[in-house]
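Visitor: Handing you this structure, nothing more for now.
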Amino acid sequence: MADFLFEIGLDEIPARMIAGAEAELGKRVKELLERERLLGAAAEVKTYSTPRRLAVLIEDVRAKQADSEEQLTGPSWKVAFKDGARTAAAEAFAKKAGVAVAAIEKVTTAKGEYVGATVKRVGRAAAELLAAELPKEVLALYWAKNMYWRAGKPERFVRPVRWVVALLDGAVVPMEIAGIQAGNASRGHRILHGESPVVIGAPKSYAEALRVAKVVVDVAERRQTIRKALDKATRTVEGARWREDEALVETVTHLTEWPTVILGNFEAEYLALPEEVLVTVMRDHQKYFAVEGADGKLAPHFLAVLNIEVDRQGYVTIQHGNQKVLRARFKDARFFWDTDQKTQLVDRVESLKNVTFQKELGSYSWKTEQNLAVARALTAAVQVKGVTLDEAALLKAVELAKTDLTTELVKEFTELQGVIGGLYARAQGLGDTVAQAIYDQYKPASTDGDIPLTIEGQLLGLADRIQTITAMFGIGNAPTGSKDPFALRRAANAIVSILAESGLPLTLSDVVRACGPVDANRDQVTAFLRERLHFFLKDVRGFAYDVVNAVLAAGADDVRDAIARAEALTEARESADFAAISAAFKRIKNILRQAEEKGFAVGAPSDAKLAPEAQELADSAAKLAPEVALLRDERNYGEALGAIATLRPAVDAFFDKVMVLDPDETVRGAHLGLIASVLAAFSGIADFGEIVTG
Amino acid sequence: MPASEVELSTKPTALTFQELLFRLQSFWAERGCILQQPYDVEVGAGTMAPETFLRVLGPKPYRVGYAQPSRRPADGRYGENPNRLFRHTQFQLILKPPPANVQELYLQSLEAIGIDLSKHDLKFEEDNWEGPTVGAWGVGWQVMMDGMEITQFTYFQQCGGLDLDPICAELTYGLERLCAFLQDVDSVYDVVWARDPDTGAVVTYGDVRLEEELQYSVYNFEDADVEKLWEHFRLYEQEAQALLARGNAVIADEKASAADRRRFPLISTYELALKCSNLFNVLDARGAISVTERVGMIGRIRNLAVGVAKIYAQQQAL
C-alpha cells in the first residue's frame, strides 16, 4: 500500500471558486482510484487548497491493480468450427481476445453453444494509470470562468498552471498537465518564502513541508487561525467584539496562505454615517470585519486579514495604509450622503422618468405606476380577509421605493439600494412605516434570508416582484434552462418565501391576479410560481421529492397550506399502514388508467351486488369520508392522514379477494366506481399514489 | 501604540512622480520591453491606445510599456477630491505572450520602485476586466496592497471581438495612486512630481495639474455644447464607417494587390473610433445620455472597433 499526493499550482485562483474545486478534485481522484481498483479498503481522502494550489492526499492506495481474469464470449461454436475445423471467425476471435486458438473454450448457454476464452489481465501499476488518467480528470474540473493561456489554445482552466506535484510514496508519478511536467517541487509563500522550490519528500510530509515554507494548506486550520487572530486582535479594545460574518471569513480564508490580523482605527466622526453604509464599505469593498462595542453598536475600529506575517514596522505600515484607504472611502460616502440630502426622495419621483427599468417596457416611473396598481389590488385582497394595514403608508412607500436609484450613494454602493432609500425616508421624516417598507423591499435577499418586517413591506416586496415577473414574461423574457438574466427565479422564490413566512392570506393565484385580468401570460406566470413552490418545498424546506409531488398534486396554490400538508405527510408516511395505503392508491390509479385505455365504463358501487370485501370497503370509506373531510377543512392534516390509514384492512382485503376488472361489465363498472370514489374522497391532502413505497 | 514610535515603511523621501515612471520604464526595458510614448489621441485607458488595442491582435510576440494619460470626464471633481481625477496616468504594459513568471516579474517591479514587500500586505483578488466599447475582455486580478488597489493585472482573452492567440498579460499601474501610496500623502495633489537635486525645491502634482483638472471639469460638466458634441460624434462616426466600408472592399477585392491592402489607413480609421469614444464619455459626463441610449452608443463604438480589428488582422496576415 502506498500514499499518493497530488498538487496543482496555479496563479491565484478566485477565492469564490476554491472550495468547490477542492472538493471536486478530491472526488474525482477518489473515483478514479475506485474505478481502477486502486483504492485500499482503509483509504482516506484528504484535500487541501490555498489561493495558489489545490491538493489531494490519499493514504492506502494500491501500488498495482490486482491481476484479473475476464471471460470473453465470441461467435457461435458452429460458425467458429465447421466440421471440427477452425474458421476465420475462430481466428479473429482468438486474435481479438489475445489467446491462442487452441485456448478457445466452448461456452454453453441457454441460447446455444458459443466460443469463449478466459483472458488473464495483469494489473497495471498505479503510477502508470494515474499518469494516463489523472490529467484528464484535473482538466475536467468545473470553473465558473475559464481562460486560455498557452499558444494554440490547447486547454482552458481557471488560471495558468505553474507546477504539478505527483508523488506515489517517494517517487514522482510522471505526468503532464497543460504542458507542465509533474515533479516533487512545490512552492511556498510568495514573499515569506520566495521563489526557491519546496521539495516534498513523501506524500504525508506535504502539509509540514509547506508550513515550513509559510503556507498553511489546510483550509479548516487557516479558518481557525483567522478566527482566533480576530478574537485576539479584538481583545485589545475593551468590551469589543468583531461582527460575525461567516461569508467574509470564508473569503479571507481563501485569499491567504499565511493569515494574520491587524486591528485598525478610524475617526469616531464617521460613526454618524448609518451602520449599513459603514459595514458595506468595510465588508464589500475592503473585506474588513466590523467591530462593535459592548452596547452592540459599531466601534471605530476594523480588522483586516493579511496574507503575511510582519514585524512591528510592517504592522504599523500596513495598519496606516489600510486606515488611509478606509478613511478616503468613508469620506466619499459622507460626501454622497450630504449631497443626497439636498434633494428629498419626494422630489426625485419625477427624475425616475430618466432611469430605464427595461428598454422595451419603460422607465422606473412607469414601473412605479405599475407597482402602485398591483399594491392597491393586493391591499384590497388582504383587506377582504380582515387584514388591517396602513394603506396610505404602503402607497407612499411604493411611490418612493425606487427613488434611491437616483442618489449618489446608491450609484456608489449599488448593493445598498432599498436600504439607502429606507434610511433617507427615515431621515426625511416620512415615518417609520414608509421607511421600513422601503428599507425591506428587496428582502429576502436569499431563500434563507429574512422577509420584510411589516405587512406594508411584504406587500411592497410582492407587488414589485410579481409586476416584474409578469411584465418580463409579457415581452418574452421568461427564464429558459440555465439562463435567467433578469433573475426572475430569485424574484419568484422571494414571493414564495414571503407567502410562506408572513401571515398574509394570499395564494399564488391571488398574487398573480393582482397584476390584472387573467390571460395566457398569467397562466404561464402561475405555472412558473408553482414550479418555484416545488423548488421551495424540496430544496429550501428539504421535503422528500415524492412528498412534494404528492402534496402539490392535491393543490399548489396556498403556500402555507402546502407546507402544512407536506409536514403531516412526511410524518405519516413513516407508519406501515400508511405505506400500504399509498401502495394501494397507486394501484387504484393504475387500474383506473388501464380501464380508461380499454374503454371500460365506470359505474357506481350500487350498480351490482358486491362481494363482502368490496361492500366492506364501500362502507368503511363512506363512514370515514366525512370525518376526513372535516379534519381536512380544519387543516388538521396529521389526524386526517391517521384516519385515512385506518382504511388499510378494508383496502387490503379488497385487493386480496376481489378481482377488480371482473369479466362481468356491470360488476366491473361497480368496482371501478368504488375505487374511483375512494381515490376522490381521500386525495384532497395529497396524491398518495405519488409516494414511493419501499 | 502611536504610529510615531515606529517609522513607516513608506517614507516622504520615496520616489518622485517622475522617478516612479523612470524606474518602471527602465525595469521593463531591461526585461525586453520597447518603450513607447503616450498616444496622442484622447483615450479613456491605456488599453485603447493602438500599442495595446492593435498589437495584441495576431500571432506576433510583442512587449511594450508606455505611460498613457487617460481621460475619464465623469471622474473629474474640479480638483477638489483628493483621489479622483479627470485625467490620470496609467503605466501600461503588454507582455505578449506572457512569460511563465509574469507575476514574479511584476513583484520585482514593485521592489524596483522601492516597495519592501516584507513590510506590506499583498493580495491578488479576482477582478475580470471588460471593455465593451472595444469588444475586449480578460480575466485577472486587482492587485491590493495594504487594502488599496495598485495595479490591474489582466490576461487578455479577446480584443476587438477577436479571440487572442497567443493571449497577453496587461499590467496597468495607476501612477498617481501608486505614487501617493509611496510618498504617503493623503491627496494626489500633494504628490511630489519632481525635486530639484541642488536646492531640494519640489514641484507637486498640484502645481502641474490642479488648474487643468478644474478647467476640464468646468468644460465637461458645464460648458460642453451637447448639440455640437452629438454633431462631432456623428461626423467622426460617419467618416469611420465610410473608411471601414472602403477597407472591407479592398480586403474583399481579389484584384487588389497586397500593397493596395497595406495602404488602407487603418490607424486613421481607428483614431476616428477613438474620437467617438471620447465624445461619448464627455456626453455621458454632461448627463446627455440616458441609460437606454447608453447601450446603443456603446454598440455603435464597438462596431467601429470590431471593424478596425478585423481589417487589421487581415492586413497583418498579408
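Each reported figure results from applying straightforward, stated rules to the coordinates on display, with no laboratory input. All values derive from a computational prediction rather than experimental measurement. So basically every Cβ, Gly included, is an ideal-geometry build from the backbone, and we count neighbours across all protein chains shown.
Visitor: What is the ratio of the Cα radius of gyration of segment A:68-121 to 2.2 N^0.38 Å, where N is its residue count, to two decimals?
Guide: Normalised by 2.2 N^0.38 Å, the Cα Rg of segment A:68-121 equals 1.04.
Visitor: Using a Cα-Cα cut-off of under 20 Å, which lysines could be cross-linked to A:Lys228, ignoring same-chain neighbours fewer than 8 residues away?
Guide: Cross-link targets: A:Lys214, A:Lys287.
Visitor: Counting other C-beta atoms within 10 Å, which of B:Phe156, B:Phe27 has the fewest, and how do the rest follow?
Guide: Numbers: B:Phe156 25, B:Phe27 19.
Least to most surrounded, the residues fall as B:Phe27, B:Phe156.
Visitor: Mind listing the phi-derived Karplus ³J(HN,Hα) values for segment A:37-48, rounded to whole Hz, using 6.51, -1.76 and 1.60 with θ = phi - 60°, and x for any glycine or proline?
Guide: Each residue of segment A:37-48 in turn: 6, 10, 8, x, 5, 9, 4, 10, 10, 10, 10, 9 Hz.
Visitor: Follow-up. Using alpha carbon centroids, what distance separates segment A:358-375 and segment B:72-118, in Å?
Guide: Segment A:358-375 and segment B:72-118 have Cα centres spaced 43 Å from each other.
Visitor: Across 20 Å bins from the origin, how do the percents of Cα pairs in the protein assembly as shown run, short distances first?
Guide: 10, 29, 34, 19, 6, 0, 0
Visitor: Near the amide H of A:Phe357, under 5 Å away, which other amide H atoms are found, from residues 5 or more places off or on another chain, if H is placed in the peptide plane?
Guide: Amide H neighbours of A:Phe357, under 5 Å, 5+ apart: A:Gly362, A:Ser363, A:Tyr364.
Visitor: Further question: Report, in whole Å, the centroid distance computed from the Cα atoms of segment A:38-94 and segment A:389-429.
Guide: So the separation of the two Cα centres works out to 66 Å.
Visitor: Of A:Ala21, A:Thr118, A:Leu39, which is farthest towards the positive pole of segment A:10-138's charge dipole, taken about the Cα centre with +1 and -1 on the beta-carbons of Lys, Arg and Asp, Glu respectively?
Guide: My answer, from the dipole projection, is A:Thr118.
Visitor: State log₁₀ I(q)/I(0) for segment A:231-283 at q = 0.14, 0.17, 0.30, 0.31 Å⁻¹ as given by the Debye formula over alpha-carbon point scatterers of equal weight, solvent excluded.
Guide: -0.48, -0.70, -1.30, -1.30
Visitor: Hey, fewest Cβ within 10 Å first, where do A:Val216, A:Val559 land in order? Kindly include the intermediate steps, with their values, before the conclusion.
Guide: Details: A:Val216 22, A:Val559 26.
Going from least to most buried by this count: A:Val216, A:Val559.
Visitor: While we're looking at this one, here's another question. Treating only the Cβ of Lys, Arg, Asp and Glu as charged (+1, +1, -1, -1), what charge dipole size does segment B:260-318 show about its Cα centre? Round to the nearest 20 debye.
Guide: Around 160 debye, computed over segment B:260-318.
Visitor: Can you give me the relative contact order of segment B:225-316 as a percent, contacts being Cα pairs under 8 Å and 6 or more apart?
Guide: Normalised by residue count, the contact order of segment B:225-316 is 43 percent.
Visitor: Given the Cα atoms of segment B:180-318, and with Rh set as the inverse mean 1/r over their pairs in the Kirkwood sense, what is Rg to Rh to two decimals?
Guide: Details: Rg = 21.6 Å, Rh = 18.4 Å.
Here Rg/Rh amounts to 1.17.
Visitor: When the Karplus curve 6.51 cos²θ - 1.76 cosθ + 1.60 is applied with θ = phi - 60°, which whole-Hz ³J(HN,Hα) does each residue of segment B:33-46 get, with x for Gly and Pro?
Guide: Here the 3J(HN,Hα) series is 8, 7, 9, 9, 8, x, 6, 9, 10, 4, 9, x, 7, x Hz.
Visitor: Using Cα-Cα distances under 8 Å and only pairs 6 or more residues apart, what relative contact order does chain A have, in percent?
Guide: Numbers: 1119 pairs, mean separation 51.5, N = 694.
Here the relative contact order equals 7 percent.
Visitor: What is the Å³ per residue value for the convex hull set by the Cα atoms of segment B:1-151?
Guide: Values: hull volume 22.8 nm³, N = 151.
Hull volume normalised by residue count: 151 Å³.
Visitor: Now for a different question. Can you compute the equivalent ellipsoid semi-axes for segment A:573-690, i.e. the square root of 5 times each eigenvalue of the Cα gyration tensor, sorted largest first and rounded to whole Å? Spell out each step's value before the answer.
Guide: Working: eigenvalues 117, 40, 35 Å².
Equivalent ellipsoid semi-axes, largest first: 24, 14, 13 Å.
Visitor: How fast does segment A:219-330 diffuse by Stokes-Einstein, in µm²/s, taking the Kirkwood radius from C-alpha pairs at 25 °C and 0.890 mPa s? Before the final figure, lay out the partial values.
Guide: On the way: Rh = 14.1 Å.
Taking Rh from Cα pairs, D becomes 175 µm²/s.
Visitor: Sticking with this one: Once phi is turned into θ = phi - 60°, what whole-Hz ³J(HN,Hα) does the Karplus curve with 6.51, -1.76 and 1.60 give for every residue of segment B:183-198, x standing for Gly and Pro?
Guide: Along segment B:183-198, the couplings run 8, 6, 10, 7, 10, 4, 6, 8, 4, 6, 7, 8, 10, 5, x, 7 Hz.
Visitor: Within 10 Å of each residue's Cβ, count the other Cβ atoms and sort B:Asp225, B:Asp184, B:Asp146 from fewest upward.
Guide: Numbers: B:Asp225 11, B:Asp184 17, B:Asp146 26.
Least crowded to most crowded, the residues run B:Asp225, B:Asp184, B:Asp146.
Visitor: First measure r as the distance between the Cβ atoms of B:Ser257 and B:Val295, then evaluate 1/(1 + (r/R0)^6) with R0 = 56 Å and state the FRET efficiency to the nearest 0.05. Don't skip to the answer; put the middle values down first.
Guide: Values: r = 41 Å, r/R0 = 0.73.
Calculated value: 0.85.
Visitor: Relative contact order of segment B:3-221: what whole-number percent is it, with Cα pairs under 8 angstrom and at least 6 residues apart?
Guide: Numbers: 429 pairs, mean separation 52.5, N = 219.
Relative CO of segment B:3-221 lands at 24 percent.
Visitor: Scan around A:Arg86 for amide H atoms under 5 Å from its own, H built in the peptide plane at 1.01 Å from N, and keep only partners 5 or more places away or cross-chain.
Guide: Here nothing satisfies the definition.
Visitor: Right, here's the next one. How large is the charge dipole for chain B, taken about the Cα centre, if only the Cβ atoms of Lys, Arg (+1) and Asp, Glu (-1) carry charge, to the nearest 20 debye? Please report the intermediate quantities before stating the final value.
Guide: Values: 30 positive and 45 negative charges, 300 e Å.
Dipole magnitude for chain B comes out near 1440 debye.
Visitor: Scan around B:Ala67 for amide H atoms under 5 Å from its own, H built in the peptide plane at 1.01 Å from N, and keep only partners 5 or more places away or cross-chain.
Guide: Counting only residues 5 or more places away or on other chains, the set is B:Gln92.
Visitor: With label points built 7 Å along Cα→Cβ from the Cα atoms of A:Gln594 and B:Gln18, find their separation and express it in nm.
Guide: Distance between label points: 9.8 nm.
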